[in-house]
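FYI, it's all coordinate maths here, none of it is from the lab. The shown structure was predicted, so the numbers you read here are calculated from the model rather than taken from an experiment. Virtual Cβ from ideal backbone geometry, glycine too; neighbours counted across all protein chains shown.
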Amino acid sequence: MIIAIDGPAASGKGTLAKRLAQHYRLPHLDTGLLYRGVGRAVLDAGYALADEAAAREAASRLAVDALDEERLRGPEMGEAASVVAAFPAVRALLLDVQRRFAAQPGGAVLDGRDIGTVIAPGADAKIFVTASPEERARRRHLELNRRGEPIAYDEVLADIRRRDERDAGRGTAPLKAADDAALLDTTSLDIEAAFRAALALVEQARKKTA
Ligand code: DC
């Protein structure tokens, strides 16, 4: 079974994907990490994020199995990832590895922006996770404060809006729900309620394809 989870930054899609993968004992790929890895490599090599050739080079050399999640997690890397992810050549270079992951025997859970539309259009279950920008900013702000990274709520909200706009506005594989995806709005749900809702959607989709 392939489960495709898409949605905007800080919607909770990563946590839901992880929980679903645990529940069904499936391998999980957080595809945002790939773009974060490319952004990091561009900066580490001393290039500007807007340098398309440098981003292409970084994507072609990305060591997918050796991504340092701790180092890639911060909000600056989310922004960097969003910039390099807008280059079609970068997306093309990362396509195969994601499709292979999805196609492994037994299936997989992938989360990102274009899983249901581009990476695994034939997925058995597709969920598009949303929440209002204010609620996503509130969650992200809380998380950053807990990690000891002082940042103003307004700054987090502005970052989220900017990222939504860039991810949804790009020409290649923009952030958008697949026509056959189920929408899950987590604005007023805590993580347990969101997980139960996601599970119910997967079970529903499973019955349909069985
Ligand atoms: O899910 P995330 O916040 O780690 O993703 C970081 C950025 O990477 C996101 O703003 C856009 C890009 N991305 C993408 O374009 N396609 C994906 N499948 C996953 C992430």
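Since only SER188, GLY148, ALA125 are under comparison, the one whose Cα sits farthest along the positive direction of the charge dipole of segment 110-202, derived from C-beta charges on Lys, Arg, Asp and Glu, is GLY148. Phi angles across segment 144-150 convert, under the Karplus curve 6.51 cos²θ - 1.76 cosθ + 1.60 with θ = phi - 60°, into 3J(HN,Hα) values of 5, 4, 4, 7, x, 10, x Hz, Gly and Pro given as x.
For LEU29, the amide hydrogen comes within under 5 Å of the amide hydrogens of VAL109, LEU110, ASP111, counting only partners 5 or more places away or on other chains and with H modelled in the peptide plane.
Peptides 91-100, 121-130 ranked from most to least packed, by the mean per-residue count of other Cβ atoms within 10 Å: 121-130, 91-100.
Return the FRET efficiency for the residue pair ARG166, LEU95: r is the Cβ-Cβ distance, R0 is 30 Å, and the value is rounded to the nearest 0.05. Intermediate results must be reported in sequence, preceding the final value.
On the way: r = 20 Å, r/R0 = 0.66.
Plugging the Cβ-Cβ distance into 1/(1 + (r/R0)^6) gives 0.90.
In the frame of its principal axes, the chain has Cα extents of 50, 37, 29 Å, reported largest first.
Dividing the C-alpha radius of gyration of segment 64-113 by 2.2 N^0.38 Å, with N its residue count, gives 1.29.
With 23 Å as the cut-off, how large is the P(r) tail for segment 1-106, expressed as percent of Cα-Cα pairs? Write down the numbers at each step before the final one.
On the way: 1517 of 5565 pairs.
I get 27 percent for the Cα pairs in segment 1-106 exceeding 23 Å.
Checking every one of the trypsin sites (Lys or Arg not before Pro) in segment 1-80 against DSSP loop status and a limit of 10 other Cβ atoms within 10 Å picks out ARG25.
Just to confirm my numbers, what's the Cα centroid distance between segment 55-80 and segment 1-39 in Å? A separation of 15 Å, based on Cα centres.
Please go through the residue pairs LYS13/LYS208; LYS13/LYS176; LYS126/LYS207 and name each one whose alpha carbons sit more than 21 Å apart in this structure.
Too far apart for the 21 Å limit: LYS13/LYS208.
In this structure the amide hydrogen of ASP185, modeled in the peptide plane, comes within under 5 Å of the amide hydrogens of THR130, none closer than 5 places in sequence on its chain.
Taking only the Cα atoms of segment 94-183, the radius of gyration and Dmax are 15.7, 45 Å. Per-residue 3J(HN,Hα) values for segment 60-77, derived from phi via the Karplus relation 6.51 cos²θ - 1.76 cosθ + 1.60 with θ = phi - 60°, read 6, 9, 4, 8, 4, 7, 10, 6, 8, 4, 3, 6, 9, 6, x, x, 5, 6 Hz in sequence order (x marks Gly and Pro).
May I ask you to order 111-118, 196-203 by the average number of other C-beta atoms within 10 Å around their residues, highest value first? Walk me through the numbers before you get to the answer.
Details: 111-118: 25.5, 196-203: 17.0.
Averaged packing, sorted descending, gives the order 111-118, 196-203.
Using a/c under 1.5 as the rounded threshold, could you call segment 153-208 rounded, prolate or oblate? The axes a ≥ b ≥ c are square roots of the C-alpha gyration tensor eigenvalues, and prolate needs a/b larger than b/c, oblate otherwise.
Because a/c hits 1.5 or more and a/b fails to exceed b/c, segment 153-208 counts as oblate.
Placing unit charges on the Cβ atoms only, positive for Lys and Arg and negative for Asp and Glu, gives the chain a dipole magnitude near 520 debye about its Cα centre.
Would segment 1-57 count as rounded, prolate or oblate if I go by the C-alpha gyration tensor, calling it rounded below 1.5 in a/c and otherwise prolate when a/b exceeds b/c, oblate otherwise? Prolate, since a/c reaches 1.5 and a/b exceeds b/c.
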